[in-house]
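Presented below is the structure to which this report refers.
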């Protein structure tokens, strides 16, 4: 790594630190939250004619009888409810994602200290330490995302966050012991490329999760809208 | 040995699981009402100071201080267009009003701590928000209840067999805990936009929500419920 490369990398890491810790401390006003809100708001405007039409049909169906009418009423109500839920702007909640910010931010700081302050990127032990701890952090971020989907609460409090930060530091310590004793598998021959990819994946992991969430929301809204339109159409036949 | 292993697993879970990343002893302030399950909370609800002294509904001006103000916590009532952080302007209801509650009222129910304790769930909220469907008559069976809901055209969701099955399960579960010879209310809430039914004694209903104030995008949109 040349000196210029090192300077560029440090600048990149500094931006990542600001972004990740920004996600942690600005979770109520972070740019991702506003973008998410705008995204849902746009969808809500687009599906409003469908939901309004479905509600009118539901009112009309109240005075009709028959088994098929009942099924249509139940199904239409179900998909209108789902569509209304999915297009609720207040759903744009990024509190749970602060944990990803904490993870990414800590790894960025670690990189910043090891590469920038000590200038030790040439030391093979430091290189291996950065690679192995990066892999551990990446796995942990995937684990957090898996849990975010399962946990229904959004709350965060400061004390457990400190606890988790201590945990990550302890993990780094354990990784250090493993690397020092050579207890690891060597998969990659090139440090530079592997490290850049790993670093980019860890520190901008929240962005990838964000894009995935948007795609998933888009897909769910499209499905609910399609189902709604299907039951509206069935009714008009 | 088994106990030691369980303790170690619990300790590891406590450190790495996101579940334990929230304060286990957290309890919502009394001004908050759970939109769905009172065992879970978002802790991200609004601030009561943001509620203006007056709100406008059509041509009517409503003084917010004349009502009990509660903040909605959670997105479970989104299909009813009541979102996380919305304000509810509620009135306390007496015994007579409580007995005369009909379909589609948004009510604030006091959380039955013993019930949740029996289900091994923590209670984080004193109140929960529900939309009433109908009162359950004394001695009414599940079949009679469904037939009445269908014949009186009360609830569209009941026409789906999956929802009927869910209602049946909830009915038998509630029967084990509550005395149905007393006045009971069938009400609805939602999870991920899908309806969920619940039964609770009418005596636990404390407030009726009259207005919802949604402070979204710098504006206060008020709606009569």
Practice task
Residues being within 11 Å of chain B (Cβ to nearest Cβ) and crowded, with 17+ Cβ neighbours inside 10 Å: count how many of those fall in region A:126-150.
Solution key: 3
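From B:199, B:180, grab the single residue that is at pLDDT 85 or above and closer than 28 Å to residue B:116 by Cα. Talk me through it step by step, then tell me what you get.
On the way: B:180 fails: at pLDDT 85 or above.
Testing whether each residue is at pLDDT 85 or above and closer than 28 Å to residue B:116 by Cα leaves just B:199.
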Exercise for the section: Starting from residues that are touching a helix residue (DSSP H, G or I) at 6+ places or on another chain (Cβ under 8 Å) and under 26 Å from residue A:55 (Cβ atoms), keep the ones in region B:119-134 and report whichever is farthest from the other protein chains (Cβ to nearest Cβ). Expected result: B:134
Practice task
Please verify whether region B:123-138 includes one or more residues that are surrounded by fewer than 17 Cβ atoms within 10 Å (Cβ to Cβ) and not in a helix (DSSP H, G or I).
Solution key: yes
Fill in the blank from the handout: Those residues of region B:141-159 which are crowded, with 18+ Cβ neighbours inside 10 Å, touching a strand residue (DSSP E or B) at 6+ places or on another chain (Cβ under 9 Å) and more than 30 Å from residue B:71 (Cβ to Cβ) amount to B:145, B:149, B:158
Practice task
Name, by its number, the condition in (1) at pLDDT 85 or above; (2) under 18 Å from residue B:78 (Cβ atoms); (3) within 14 Å of another protein chain (Cβ to nearest Cβ) that does not hold for residue B:165.
Solution key: (2)
Problem - Complete set of residues in region A:167-187 that are at pLDDT 80 or above, loosely packed, with under 14 Cβ neighbours inside 10 Å and either within 24 Å of the chain's Cα centre (by Cα) or not in a helix (DSSP H, G or I) (or both) - result: A:169
Handout entry: Segments classed as helices (runs of 4 or more DSSP H), wholly inside region A:29-113, with at least 2 members that are over 30 Å from residue A:173 (Cβ atoms) and under 27 Å from the mean Cα position of the chain (by Cα)
Key = A:31-61, A:67-86
Practice task
With the checklist (1) touching a residue at least 40 places away in the same chain (Cβ under 8 Å); (2) within 14 Å of chain A (Cβ to nearest Cβ) in hand, flag the one item residue B:222 doesn't pass.
Solution key: (2)
Problem - Members of region B:77-100 found to be more than 9 Å from every other protein chain (Cβ to nearest Cβ), in a helix (DSSP H, G or I) and surrounded by 14 or more Cβ atoms within 10 Å (Cβ to Cβ), listed by number - result: B:98
Practice task
Answer yes or no: is there a residue in region B:50-68 that is at pLDDT 80 or above, within 14 Å of chain A (Cβ to nearest Cβ) and surrounded by 11 or more Cβ atoms within 10 Å (Cβ to Cβ).
Solution key: no
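Under 30 Å from residue A:185 (Cα atoms), surrounded by 15 or more Cβ atoms within 10 Å (Cβ to Cβ), modelled with pLDDT of 80 or more and at the interface with another protein chain (Cβ under 7 Å from one of its Cβ atoms): does that describe residue A:71? Lay out the reasoning, then the answer.
Numbers: under 30 Å from residue A:185 (Cα atoms): no; surrounded by 15 or more Cβ atoms within 10 Å (Cβ to Cβ): yes; modelled with pLDDT of 80 or more: yes; at the interface with another protein chain (Cβ under 7 Å from one of its Cβ atoms): yes.
So residue A:71 fails the test.
The values are calculated or read from the model by the stated rules, or taken from the named source; none is laboratory data. Values in this document were obtained by computation on a predicted structure and should not be read as measured data. Please note: Cβ atoms are built from the backbone with ideal geometry, for glycine as well, and neighbour counts cover all protein chains shown.
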